[in-house]
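Data block below; observations after.
The values are calculated or read from the model by the stated rules, or taken from the named source; none is laboratory data. If you're wondering where the values come from, they're calculated on a predicted model, not measured in any experiment. All Cβ positions, even for glycine, are placed from backbone atoms using ideal geometry, and neighbour counts span all protein chains on display. Keep in mind that these areas ignore ligands, DNA and RNA; they rest on the heavy atoms of the full protein, side chains included. Shrake-Rupley method; radii C 1.70, N 1.55, O 1.52, S 1.80 Å.
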Amino acid sequence: MISINKLSVSFTGNTLFDDISFIIRDKDRIGLTGKNGAGKSTLLKILAGIQEPDAGTIVLTHGHEIGYLPQEMIPDSTQTILDETLTAFSKTNALEKEVEELTRQLSERTDYESETYHQLIDRLTEANERFHLIGGSDRMGMAEKVLLGLGFKRSDFGRSITEFSSGWQMRVELAKILLKRPEVMLLDEPTNHLDIESISWLEEFLQTYPGAVVLVSHDRKFLDHVTTRTIEITMGRIEDYNVPYSEYVIQRAERRQVQQAAYDNQQKEIENIERFIERFRYKATKARQAQSRIKMLEKMDRIEVDETDNSSIAFRFPPAPHCGKIVIRAQDIGKAYGEKRVFSHFDFTLEKGEKVALVGRNGEGKSTFSKIVMGEILDYEGKLEIGAGVRTGYFAQNQAALLDGNKSVFETIDDIAVGEVRTRIRNILGCFLFSGEDIEKKVKVLSGGEKGRLALAKLLLEPVNLLVLDEPTNHLDMRSKDILKMALLQYNGSLIVVSHDRDFLEGLTTKTYEFRDGKVKPHIGDVSAFLADRKMERLQELERSRQETGNSGKSEPVPVKAVSPQAAVPKPGSAQDRELRKQQEREVRKIKTAIGKLETEISELETQLAEMDKAFIAEPARCTVENCNKYEEIKRLAAHKTDEWAELQEQLEAAGKDLENPA
């Protein structure tokens with residue numbers, strides 16, 4: 001269908017593609033992946049005919065149409081949502097007019113036996129068949145189905161597109177492309193402006209789509225559910241595998257292991273041959289064998305190990321400062337903008353160290369509630385209390401857009417850094433892949449991913465015990481998202497995160513709040529539990545399941561006998577006094593033994609966590625849901641045993657005082 005031959009593209013001396021070739025076949029489902037700046041969007045623009053390559057050719061089968069959804073665009077329509085969506089049927093409308101015109105011509109003709117009359121009949125028959133084949137008789141039904149699937153309400157259909165945010169306008173553009181049904185669909189980050197339910201609907205639509213689909217996405221689950229082929233752009237070349245993304249990652253690692261083993265074996269062989277040549281090349285009796293081995297080396301096909309770009313962000317959030325047990329308590333919170341009611345009667349409590357997710361369709365109030373928590377919105381209903389000692393870090397949904405484009409990367413951090421952290425600005429920026437000349441770049445020339453990384457870097461400037469993150473993964477590549485997720489799993493403060501990225505949320509939070517139709521409903525568990533609950537519509541099963549598994553790994557506290565303060569105090573030196581002191585000494589030894597055992601267990605658990613930290617940072621792909629859940633379970637067990645240890649220390653201190661002051 002599309003043949004890409006020896007394509008090369010460079011920007012300001014940097015090579016994006018170097019002599020790459022591949023074919024897009026009928027009904028292909030291709031996930032185009034790679035780190036930020038690798039050239040994914042550029043390749044889509046070239047395939048769409050918007051941008052020309054430096055070298056190479058692209059051959060498209062004649063008559064095939066390409067539909068292209070850019071990552072960002074500014075629609076200029078003033079029509080209603082439905083009318084703008086129906087413009088997708090321009091070809092269908094033209095075909096309908098052709099049918100009407102041919103029908104009119106036939107009705108006016110009387111030369112029924114002429115050749116031209118029969119030609120008109122053939123043209124009308126063909127036009128009618130094409131019209132019904134593309135569903136021309138059900139345009140309104142198709143448009144409504146797609147709009148509802150992408151999250152619009154029927155009451156939205158008659159509203160002007162200008163009343164909606166850019167994200168909702170992008171949904172209309174996506175709807176138009178889906179309805180045009182082109183032979184090849186190119187989608188650049190189509191999930192960026194969708195909520196979880198709309199993403200699920202789009203997955204189902206694309207799974208049964210009759211044409212080819214090439215999409216750029218950093219949503220691993222979306223790629224796995226939609227695509228059957230993965231093309232990664234890395235180091236100026238492509239790697240092409242006929243499997244979804246997660247399987248590709250496994251196969252790529254296995255391929256490199258095989259390559260490395262073959263390379264190592266060949267290097268040993270080369271070393272042995274060179275040693276023989278060096279030893280015998282000047283001896284007459286061995287000269288012929290030496291020359292033979294020299295020719296052998298010259299003819300040898302050298303094995304190469306695929307070079308990979310392993311650069312990635314690497315950071316951890318500073319330890320959270322101490323604060324009270326209750327971080328946020330909200331009672332009967334509500335918010336309306338004029339006559340539009342966003343949500344009402346929301347009761348919310350966030351405890352120290354708790355991590356929760358806010359999910360729901362765009363416009364239902366997730367970002368609004370985040371802004372209420374941050375004090376950016378003050379005219380809300382109800383009561384909100386922030387706990388004692390709470391210090392907050394905030395990543396707004398448009399955080400990258402709020403950066404001053406005229407400042408350099410270094411100035412962006414330097415202008416707000418205070419105290420000792422100013423001496424570490426270059427180190428912090430280095431953790432987010434800004435080094436050398438990069439830190440002097442103006443913010444306005446940065447890519448979306450680079451701006452997102454810079455905005456995240458600002459969160460490290462001071463320790464906080466509450467993070468409020470609104471869509472923090474937009475524009476981040478998969479490796480960066482994995483490392484951010486790991487940093488949040490290790491973070492010992494509280495977290496409120498708004499996200500539609502299921503893979504990112506999975507295993508990260510323990511409670512999910514769904515904003516829907518003006519109400520907020522809590523769901524116990526992470527996003528997977530929420531999605532299961534939405535399908536089952538039985539929250540009780542999820543809560544019961546969590547109760548059955550939530551207490552695993554907890555050990556019973558060591559029983560320690562308490563000495564009643566009302567007990568009669570025996571005389572010093574008496575038999576009763578000696579017996580009491582022996583009993584107290586036994587209790588002290590028992591407590592010390594229990595403390596020693598706990599310290600060993602805690603040390604072992606902390607060692608496991610440290611080893612997992614290193615493994616995840618060295619190889620982010622290992623941060624699977626199973627491994628993250630295991631990490632979180634070990635972390636919870638370590639915290640539980642630390643609490644037991646602290647309680648026993650208090651008991652030991654009290655018992656020690658009793659021994660020192662028996663009377």
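Taking GluC sites (Glu not before Pro) across the stretch 82-167, the ones in a DSSP loop with at most 12 further Cβ atoms lying within 10 angstrom of their Cβ are E113.
Give the angle, between 0 and 90 degrees and rounded to the nearest 10, that separates the Cα long axis of helix 139-149 from the longest principal axis of the Cα atoms of the chain. On a 0 to 90 degree scale, this one is about 10. Taken over the stretch 112-245, the convex hull of the Cα atoms encloses 180 Å³ per residue.
So, with a 1.4 angstrom probe, what is the percent of accessible area on the stretch 1-68 that is carbon and sulfur? Exposed carbon and sulfur together represent 50 percent of the surface.
Find the accessible area per residue for the stretch 30-101; the probe is 1.4 Å, ligands and nucleic acids are left out, and the unit is Å².
I get 51 Å² per residue for the stretch 30-101.
Other residues with beta-carbon under 14 Å from the beta-carbon of Q266 carry, at +1 per Lys or Arg and -1 per Asp or Glu, a net charge of -3. Pairs with C-alpha atoms separated by more than 21 Å, drawn from the list K40/K458; K352/K485; K371/K407; K35/K355; K325/K519; K355/K481, are K40/K458; K371/K407; K35/K355; K325/K519. With the charge dipole of the chain set up from +1 on Lys and Arg Cβ and -1 on Asp and Glu Cβ about the Cα centre, the Cα lying farthest toward the positive end among the listed residues A457, V9, V99 is that of A457.
The calculated 222 nm mean residue ellipticity attributable to helices in the chain amounts to -14500 deg cm²/dmol, summing -39500 (n - 2.57) over DSSP H runs of n ≥ 4 and dividing by all residues. Extension gain for A388-E108 works out to 92.2 nm (0.36 nm per residue, less the C-alpha to C-alpha distance).
Restricting the calculation to Cα atoms, the stretch 275-377 shows an Rg/Rh of 1.65 when the hydrodynamic-style radius is the Kirkwood one.
Size of the stretch 349-419 from its Cα atoms: along the principal axes, largest to smallest, the extents are 40, 32, 25 Å. Counting only Cβ charges, +1 for Lys and Arg and -1 for Asp and Glu, the dipole size of the stretch 314-423 around its Cα centre is about 320 debye. When only the Cβ of Lys, Arg, Asp and Glu is charged (+1, +1, -1, -1), the dipole of the chain relative to its Cα centre reaches about 2240 debye. At the residue level, D503 shows approximately 20 square angstrom of accessible surface with a 1.4 angstrom probe and all protein chains present.
Toward the positive end of the charge dipole of the stretch 48-202, about the Cα centre and with charges on Cβ (Lys, Arg +1; Asp, Glu -1), which of L174, I196, I81 goes farthest? The residue sitting farthest along the positive end of the dipole is I196. The angle between the Cα long axis of helix 196-207 and the main principal axis of the chain comes to about 40°, on a 0 to 90 degree scale. Taking the charge dipole of the stretch 347-498 about its Cα centre, with +1 at Lys and Arg Cβ atoms and -1 at Asp and Glu Cβ atoms, the residue from V409, V390, V497 reaching farthest to the positive side is V409. Of the two radii for the stretch 42-82, the radius of gyration is 1.09 times the Kirkwood radius, both from the alpha carbons; that is the Rg over Rh value. Atom-type composition of the exposed protein surface of the stretch 169-310 places 45 percent of the accessible area on carbon and sulfur (1.4 angstrom probe).
Axis of helix 448-457 versus longest Cα principal axis of the chain: the two differ by about 10°, to the nearest ten degrees. Which percent of the accessible heavy-atom area of the stretch 339-419 goes to carbon and sulfur, probe 1.4 angstrom? The value for the stretch 339-419 is 46 percent carbon and sulfur by accessible area. Computing Rg and Dmax of the Cα atoms in Å for the structure here picks out one of (1) 26.5, 82; (2) 32.9, 135; (3) 30.0, 117, namely (2). Remark: the stretch 169-318 projects, on average over all directions, an area of 15.4 nm² (convex hull of Cα atoms). For the stretch 93-175, the dipole from Cβ point charges (+1 on Lys and Arg, -1 on Asp and Glu) about the Cα centre works out to 720 debye, to the nearest 20.
The residues of the stretch 380-508 present an accessible area of 37 Å² per residue when probed at 1.4 Å with all protein chains retained.
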